[in-house]
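Peer 1: Below you'll find the structure I mean.
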Amino acid sequence: MWKAGLLISIACTVAAGSASAQDTRKLPDGEISRLGTNSAWLVGPTGVYGHAALGDAIEAAGFVIERNGVKLYFRLPADQVFEDRRVRLADVNADGSPEALIVRAHLTQGASLALYTIKGDRIELMADSAPIGHRNRWLNPVGIADFSGTGELFIAAVVTPHLSGSLRFYRIEGKRLVDLGGIDGVTNHINGSRNLDLSHVADLDGDGSVEIVLPSLDRTRLVAVSFHQEQAVITNDWSVPSPIERMAAVSDSTLQLELANGQRMTVELQK
């Protein structure tokens, strides 16, 4: 997958009520995420990075979490942006308060995963992965789930989905998101697309752990990947007659695909 030689500096934290110190405009193509009574979105549009992996050269300088009507703001240092369209909310430490997972990009070292938590009236960095190591190198999260069947939550992401396409699994260890390994030759994003959801997470065999279904790197196959004992394995695959453009879940075990040749097809995932 990749090795990186630089640890990104810890981003600043900004307390609620200090919005005047920031650009609070929403990202033009950003989404609003919700979990319970919490919502979150990216703010501070900036063209300083100029990668355009998501369809334009506008990224975000910060994000907002709103809970109980109170907005908490977070802003990155000037040498970093959020190269993303959404703030993924999940209670990863079971404390009743959501954490936020976002793709953060360093202007010279490329993308990394950044997980944030709420401490009192502040948003703070909880843990992060090492950056890819080169400018304009991106990654796309798949999700946060019990991929191993042990009850432990892991983060899955595809690193450089337009190049090597490496699905990686990360564990939270202290303040680091540690890469446990994965498998190459898959993708969950088309370069320049605003669609971040070219993957599907579900327990396909009923064993208590979830699998990831996503296209091969050339998008002419679907593959199902399991992660047991810190080993990623392709457990099933399905060929398609044309590259996959979009996919949507009809149910946990059924996907509807849109292909490059204009065809639509349904894939049943369970054996």
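The values are calculated or read from the model by the stated rules, or taken from the named source; none is laboratory data. On a predicted model such as this, the values are computed, not experimentally measured, just so you know. Reconstructed Cβ throughout: ideal geometry from the backbone, glycine too, with neighbour counts over all protein chains shown. Each accessible area value is taken on the protein alone, full model and side chains, heavy atoms only, with ligands, DNA and RNA left out. Shrake-Rupley method; radii C 1.70, N 1.55, O 1.52, S 1.80 Å.
Peer 1: Could you give me the ³J(HN,Hα) list for segment 252-258, computed from phi with Karplus coefficients 6.51, -1.76, 1.60 and θ = phi - 60°, whole Hz, x at Gly and Pro?
Peer 2: 4, 10, 9, 10, 9, 10, 10
Peer 1: Pairs of lysines 8 or more apart, or on different chains, with alpha carbons under 27 Å: count those in the chain, would you?
Peer 2: Total qualifying Lys-Lys pairs in the chain comes to 6.
Peer 1: Only Lys, Arg, Asp and Glu count, each charged at its Cβ (+1, +1, -1, -1), so figure out the dipole size of segment 118-271 about its Cα centre, rounded to 20 debye.
Peer 2: My answer is approximately 640 debye.
Peer 1: Tell me the per residue accessible area of the chain using a 1.4 Å probe; a whole number in Å² is fine.
Peer 2: Accessible area per residue, the chain: 41 Å².
Peer 1: Please report, as a whole percent, how much of the solvent-accessible surface of segment 104-157 comes from carbon and sulfur atoms (probe radius 1.4 Å).
Peer 2: Carbon and sulfur atoms account for 46 percent of the accessible area of segment 104-157.
Peer 1: Each residue of segment 264-270 in turn: what ³J(HN,Hα) in whole Hz from Karplus with 6.51, -1.76, 1.60 and θ = phi - 60°, glycine and Pro shown as x?
Peer 2: Values, residue by residue: 10, 8, 9, 10, 8, 8, 7 Hz.
Peer 1: Let me ask something else. In what sequence, highest mean first, do 169-182, 77-90, 201-214 appear when ranked by Cβ atoms within 10 angstrom?
Peer 2: With the highest mean Cβ count within 10 Å placed first, the list reads 77-90, 201-214, 169-182.
Peer 1: What does the highest-first list of 134-141, 31-38 look like by mean Cβ count within 10 Å?
Peer 2: In descending order of packing, they fall as 134-141, 31-38.
Peer 1: So if I place +1 on the C-beta of Lys and Arg and -1 on the C-beta of Asp and Glu, and nothing else carries charge, what would the dipole magnitude of the chain be about its Cα centre? I want it in debye, nearest 20.
Peer 2: Taking the Cα centre of the chain as origin, the dipole is about 760 debye.
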